[in-house]
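Just so it is clear, none of the values below were taken in a lab; they were calculated from the coordinates. None of these values were measured; they are calculated from a predicted model. Positions of Cβ are backbone-derived with ideal geometry, glycine not excepted, and every protein chain shown enters the neighbour counts.
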Amino acid sequence: MITHPAPAHPKNLFKARLGKEQQIGFFATLGSPGLTEMLAACGFDWVLIDTEHSPIEVPDIIEQMRAINTPGVSALVRPAWNDMVTIKRILDQGAQTLLIPYVENVEEARAAVSYTRFPPHGVRGVSGASRAANYGLTPGYFAAAEAELCVIVQIESAGALSRIEEIAAVEGVDAVFIGPSDLAASMGHIGNPQHPDVQAAIDDGFRRLKAMGKPAGYLSGNEEEFKRRLTDGLDFISFATDAVFIRNAAKSLVQRLKGGIAMGEDIRKDGILRPRATYAGQLEAFIPSPCPQNHAANLMALGDGALGCVWFGGTQEGMADISVHFSHLEPGATAWSETIKLVDDPARSEQNPILFPVPGGPLWLVYTSQKSGNQDTAIVRRRISHDHGKTWGAPETMIGDAGTFVRQPIQVLSNGDWLLGTFLCRTYPGVKWVGDEDISVVRLSSDQGRTWRSIEVPGSLGSVHMNIVEAGKGELLALFRSRWADFVHESRSPDGGLTWSEPKPTELPNNNSSIQCTRLTDGRLALVYNHSSAENAAERRLSLYDEIEDEEGTAQPSAAALPRARTAFWGAPRAPLLLALSSDGGRTWPDRIEIETGDGYCMTNNSTDRKNRELSYPSVHQLAGGSLDIAFTYHRQAIKHVRLTRLP
């Protein structure tokens with residue numbers, strides 16, 4: 001007769017690897033064993049079955065653990081709470097590694113450990129026929145169980161973080177996991193775990209754990225942060241959840257399918273305003289242009305009542321044929337005028353044009369001029385028109401400091417001062433510009449642009465495209481694009497632009513692409529932006545100009561050779577495009593309206609072959625009649641104009 005050996009108590013692979021190998025996993029929250037089984041086989045080292053923030057109940061855990069059957073993949077479980085009965089039931093089902101949520105102090109950590117130990121070392125109830133004991137078939141289970149248990153306590157508040165060494169030192173605590181979302185909420189930054197204060201606190205917590213040799217874990221849905229935490233040496237880390245995987249994949253697919261329809265169509269760049277098919281109360285037009293690439297539009301009401309639009313066009317951004325173009329829409333007209341080229345320096349790429357009607361004076365065209373894709377060579381030039389853009393004077397240098405870039409309109413204050421938000425594109429000698437070292441500088445003129453004073457915005461590294469608007473009650477608000485592709489940032493000035501607060505994140509995401517805000521006649525602020533960030537990115541580009549040859553001969557940067565704390569993130573989707581409204585000076589943005597949607601693919605700037613699908617670089621302007629006009633880059637093939645005839 002064949003005899004079979006008694007089943008041995010299983011070893012805890014996750015615990016055996018802890019502190020020796022980095023382990024990558026995800027949180028299973030949807031409760032589907034099939035989905036968990038599939039994802040577990042994709043190369044992850046561990047899967048956490050989450051019963052705290054999911055519909056998964058204790059009886060469902062067995063099927064989830066059975067689904068995690070790929071060799072080398074460990075099953076972890078998070079109880080809904082640090083509760084003796086709940087933990088006992090989960091352990092009886094065979095779980096060996098538990099993530100105990102919201103442990104606030106030493107006492108709660110000790111309690112958590114005691115719930116996992118049989119007497120006399122703890123208070124776990126004894127069952128000799130549980131699944132954990134192979135239904136009573138494993139000899140010596142009670143003696144062997146404790147050695148294979150792994151207790152991880154989760155730190156989720158500022159108070160617990162201040163006591164992290166004491167909690168981590170509790171006997172039986174094998175590792176510490178910092179939960180960013182609840183920690184952010186406890187610090188007053190709910191929904192914003194990427195806030196610098198939160199990130200600094202997390203960094204400090206991990207530093208303290210490392211100093212005492214305690215393994216540490218984390219969850220991040222931000223790919224840049226995820227990679228940084230791995231580089232920092234975290235022992236185990238989760239990249240988001242199964243729900244996030246499915247949501248992002250489905251959303252990306254739908255947007256690609258919808259974008260594919262638009263990508264294959266011939267854009268009618270005839271300038272004719274037509275009703276929008278799916279957006280009631282809106283009109284749209286594609287502004288005429290002969291160029292295969294059109295980008296970075298700016299709108300402005302002209303002195304004769306027309307609406308003017310300037311942008312840059314040519315073969316591809318950074319190339320020498322990129323020049324500034326101009327069209328206008330007369331009052332009451334239903335079509336934009338034919339386009340004229342305003343500047344064309346054959347040796348330089350001319351970008352980011354701005355129209356500025358001097359109060360009671362001429363019309364200025366302000367734009368940047370750079371060599372190839374090297375924004376650190378840019379200077380600011382100007383042309384002046386005395387007949388509302390029909391004829392123009394010769395180009396002249398307005399700001400000759402190399403690396404100076406503009407994007408947003410000049411703001412005229414009630415005291416007559418002019419404010420121009422600029423940013424300085426900086427890099428290291430011999431290294432190609434990629435945006436890692438950019439800062440913002442306000443240019444202030446009290447003599448109608450004859451001279452300009454420079455005011456550096458403190459702590460503005462990575463905050464660019466400074467957009468200055470009046471926030472009300474004598475306060476100025478500046479909104480920024482973020483090179484880190486995390487959030488739109490804000491800074492405020494109480495003294496007419498002489499001093500500025502350090503930029504800080506707002507509630508709105510940013511994808512390292514331009515935004516624009518204007519003050520409406522009713523006092524509200526209207527901001528147009530891409531509701532996207534690095535968290536939505538599936539890929540990442542090296543730089544904005546990684547497809548064109550460098551005429552200056554500078555080298556692409558070596559990340560290991562440069563003393564950077566952060567690097568600019570390129571490639572986050574530039575879509576969807578939304579209009580956000582604020583009634584409290586830009587402190588909150590509760591009302592949001594979709595302007596255009598698509599997948600926003602921008603891993604290439606190639607519009608000639610219709611590879612780019614971004615909806616980006618918006619400009620927003622309200623005319624005297626009350627309509628709100630928005631112009632933006634449409635797949636880099638055209639400038640699209642949308643008119644909202646009414647606002648909510």
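Mind giving me the FRET efficiency for Arg646 and Ser414? R0 is 35 Å, r the Cβ-Cβ distance, nearest 0.05 is fine. Present the calculation step by step, with values, prior to reporting the outcome.
Numbers: r = 29 Å, r/R0 = 0.83.
For R0 = 35 Å, the calculated efficiency reads 0.75.
Which ³J(HN,Hα) values in Hz, rounded to whole numbers, follow from the phi angles of the stretch 463-479 under the Karplus curve 6.51 cos²θ - 1.76 cosθ + 1.60, where θ = phi - 60° and Gly and Pro get x?
With coefficients 6.51, -1.76 and 1.60, one gets 9, 9, 6, 4, 10, 9, 9, 7, 8, x, 6, x, 9, 9, 10, 10, 10 Hz.
Once every DSSP H run of n ≥ 4 in the chain is given -39500 (n - 2.57) and the sum is divided by its residues, what mean residue ellipticity at 222 nm do you get, rounded to the nearest 500 deg cm²/dmol?
The helix-only estimate for the chain comes to -5000 deg cm²/dmol at 222 nm.
List the lysines whose alpha-carbon lies under 24 Å from that of Lys432, not counting same-chain residues fewer than 8 positions away?
Lys227, Lys371
Only counting other Cβ atoms within 10 Å, I'd like Ser532, Ser323, Ser157, Ser619 sorted with the fewest neighbours first. Please report the intermediate quantities before stating the final value.
Working: Ser532 25, Ser323 21, Ser157 17, Ser619 28.
Fewest-to-most ranking of Ser532, Ser323, Ser157, Ser619: Ser157, Ser323, Ser532, Ser619.
Residue-wise, which Karplus ³J(HN,Hα) couplings in Hz belong to the stretch 155-165, taking 6.51 cos²θ - 1.76 cosθ + 1.60, θ = phi - 60°, and x for glycine or proline?
Couplings: 9, 9, 9, 4, x, 5, 4, 5, 10, 5, 5 Hz.
Would you indicate which of [x] 102, 51, 49; [y] 166, 81, 39; [z] 129, 83, 56 is the value of Cα extents along the principal axes in Å derived from the coordinates of this structure?
Calculated Cα extents along the principal axes in Å: the matching label is [x].
If I take every Cα pair under 8 Å that is 6 or more residues apart in the chain, average their sequence separation and divide by the length, what percent do I get for the relative contact order? Let's see the in-between values first.
Values: 1604 pairs, mean separation 58.3, N = 648.
Computed value for the chain: 9 percent relative contact order.
What list of ³J(HN,Hα) couplings, whole Hz, do you get for the stretch 33-47 from phi and the Karplus terms 6.51, -1.76, 1.60, once you set θ to phi - 60° and write x for glycine and proline?
x, x, 5, 4, 4, 5, 5, 4, 8, 8, x, 6, 8, 8, 10
Would you please give the residues with an amide H less than 5 Å from that of Ala301, counting only those at least 5 places away or on a separate chain, with H modeled from the backbone geometry?
Under 5 Å from the amide H of Ala301: Gly308.
Sequence-distant or interchain residues sharing an amide H contact under 5 Å with Ile272, placed H: which?
Sorted by chain and number, the residues that satisfy this are Phe286, Trp336.
Does the stretch 164-322 come out rounded, prolate or oblate by the C-alpha gyration tensor, with a ≥ b ≥ c the root eigenvalues, rounded set by a/c under 1.5 and, if not, prolate when a/b is larger than b/c and oblate if not?
Prolate, because a/c is 1.5 or more and a/b exceeds b/c.
Using just the Cα positions, wrap the stretch 276-398 in a convex hull and report its mean projected area in square nanometres, one decimal place.
8.6
Suppose R0 equals 41 Å. What FRET efficiency, 1/(1 + (r/R0)^6) with r the Cβ-Cβ distance, do Ile190 and Lys11 give to the nearest 0.05?
Numbers: r = 41 Å, r/R0 = 0.99.
The pair Ile190/Lys11 has a calculated efficiency of 0.50.
Rounded if a/c is under 1.5, else prolate if a/b is larger than b/c, else oblate: which is the stretch 77-126, with a ≥ b ≥ c the root eigenvalues of its Cα gyration tensor?
Judged from the Cα gyration tensor, the stretch 77-126 comes out oblate (a/c at least 1.5, b/c at or above a/b).
Hey, can you grab everything whose amide H is under 5 Å from the amide H of Thr97? Only 5+ residues off in sequence or another chain; H modelled, so Pro and N-termini drop out.
Val77, Cys150
Based only on Cα atoms, what mean projected area does the convex hull of the stretch 13-244 have, in nm²? Could the numbers behind the result be given before it?
Working: hull surface 47.1 nm².
Over every viewing direction, the Cα hull of the stretch 13-244 projects on average to 11.8 nm².
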